[in-house]
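Engineer: Got a structure for you, questions after.
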Amino acid sequence: MAKDSRLILDPLTDNNPITIQVLGICSALAITAELEASIVMSISVLFVLGVGNVVVSLMRNIIPSKIRIIVQLIVVATLVIIVDLVLKAFAYELSKTLSVFVGLIITNCIIMGRFEAFALGNGPWKSFLDGIGNALGYGVILIIVGFFRELLGSGTLLGFPVLGDPIEKTGLYAIGYENNGFMLLSPMALIVVGIIIWIQRTKNKALIED
């Protein structure tokens, strides 16, 4: 049971796929200007990686090694199509914003890496826990980055004004934030991730490389 719990807890702390393994950085740069988009992307990856790991694990003994990557791509592409259709059905405006990036889940290094490194060598239950753990670790970072970028960049959270009411006529926000588009630029996502990495290594010296 302890080993099973580590499959979920490790990616949340000392083996985070973004801050430790440095995977999935592209989506952290691209879609975290809004908290809502960060949350939806995190849930999408949670579904794709959790279910995908189980499917690949169940098929691991019948997949010829020479075509395993192709099979894995088919599995993840099918799950991504399901996610895309669900978004179009229930959150159409958001699906248009995330359309390109949802498709890029197929090439997310975290997903293909867990398929290859874990699901192909372990049973469905452990593969499921591994998928959920790594997706949560990925999602937590995206949500933290999205939270600070939208809050400090637009003065809103989930589209609702937080740092002052909108100024009438102009639609801008409270003084100090009406012209603060700096946090909305993609490089700021990398800086926020860097701060998270610094905090993480400050708390755990074992993560600091010699």
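Engineer: Any residue in segment 122-133 that is within 18 Å of L12 (Cβ to Cβ) and among the aliphatic types (A, V, I, L, M) sitting within a Cβ distance under 6 Å of a residue that is surrounded by fewer than 24 Cβ atoms within 10 Å (Cβ to Cβ) and modelled with pLDDT of 90 or more? List the pairs, counting only those 6 or more apart or interchain.
Structural biologist: Sorted first by the residue in segment 122-133, then by its partner, the pairs are I132/G50.
Engineer: Then there is this: Any idea which of P187, P166 is at pLDDT below 80 and over 30 Å from S5 (Cα atoms)?
Structural biologist: Working: P187 fails: at pLDDT below 80.
On inspection, the qualifying residue turns out to be P166.
Engineer: With L46, L58 as the choices, which residue is modelled with pLDDT of 90 or more and under 30 Å from N204 (Cα atoms)?
Structural biologist: Every option except L46 fails the conditions.
Engineer: Within segment 56-74, how many residues turn out to be crowded, with 23+ Cβ neighbours inside 10 Å and of a type in the set (V, I, T)?
Structural biologist: Result for segment 56-74: 1.
Engineer: Report the residue count in segment 93-135 for those that are part of a helix (DSSP H, G or I), of a type outside the set (D, E, K, R) and under 14 Å from Q21 (Cβ atoms).
Structural biologist: Summing the residues that are part of a helix (DSSP H, G or I), of a type outside the set (D, E, K, R) and under 14 Å from Q21 (Cβ atoms) in segment 93-135 gives 9.
Engineer: I'd like to know if segment 71-87 contains one or more residues that are among the charged types (D, E, K, R), in a helix (DSSP H, G or I) and closer than 26 Å to L29 by Cα.
Structural biologist: Scanning segment 71-87 turns up at least one residue that is among the charged types (D, E, K, R), in a helix (DSSP H, G or I) and closer than 26 Å to L29 by Cα.
Engineer: Report the residue count in segment 18-51 for those that are part of a helix (DSSP H, G or I), of a type outside the set (S, T, N, Q) and under 20 Å from R114 (Cβ atoms). Before the answer, list the steps.
Structural biologist: In the first step, residues of segment 18-51 are kept if they are part of a helix (DSSP H, G or I); the result is 25-30, 35-51.
Next, only the ones that are of a type outside the set (S, T, N, Q) stay: 25-26, 28-30, 35-37, 39-41, 43, 45-51.
Then keep just the ones that are under 20 Å from R114 (Cβ atoms); that gives 25-26, 28, 41, 43, 45-51.
Residues flagged as part of a helix (DSSP H, G or I), of a type outside the set (S, T, N, Q) and under 20 Å from R114 (Cβ atoms) within segment 18-51 amount to 12.
Engineer: Could you check, for segment 126-133, whether at least one of its residues is more than 19 Å from I43 (Cβ to Cβ), touching a Leu at 6+ places or on another chain (Cβ under 9 Å) and either modelled with pLDDT of 75 or more or not acidic (D, E) (or both)? Step through it out loud before you land on a result.
Structural biologist: Going through segment 126-133, the residues more than 19 Å from I43 (Cβ to Cβ) turn out to be 126-127.
Subsequent filtering for residues that are touching a Leu at 6+ places or on another chain (Cβ under 9 Å) retains 126-127.
Checking which are either modelled with pLDDT of 75 or more or not acidic (D, E) (or both) leaves us with 126-127.
So far as segment 126-133 goes, yes, one or more of its residues are more than 19 Å from I43 (Cβ to Cβ), touching a Leu at 6+ places or on another chain (Cβ under 9 Å) and either modelled with pLDDT of 75 or more or not acidic (D, E) (or both).
The values are calculated or read from the model by the stated rules, or taken from the named source; none is laboratory data. The model shown is predicted, which means the values in this text are computed figures rather than measured ones. Because the Cβ atoms are built from the backbone with ideal geometry, glycine has one as well, and the counts that use them run over all protein chains shown.
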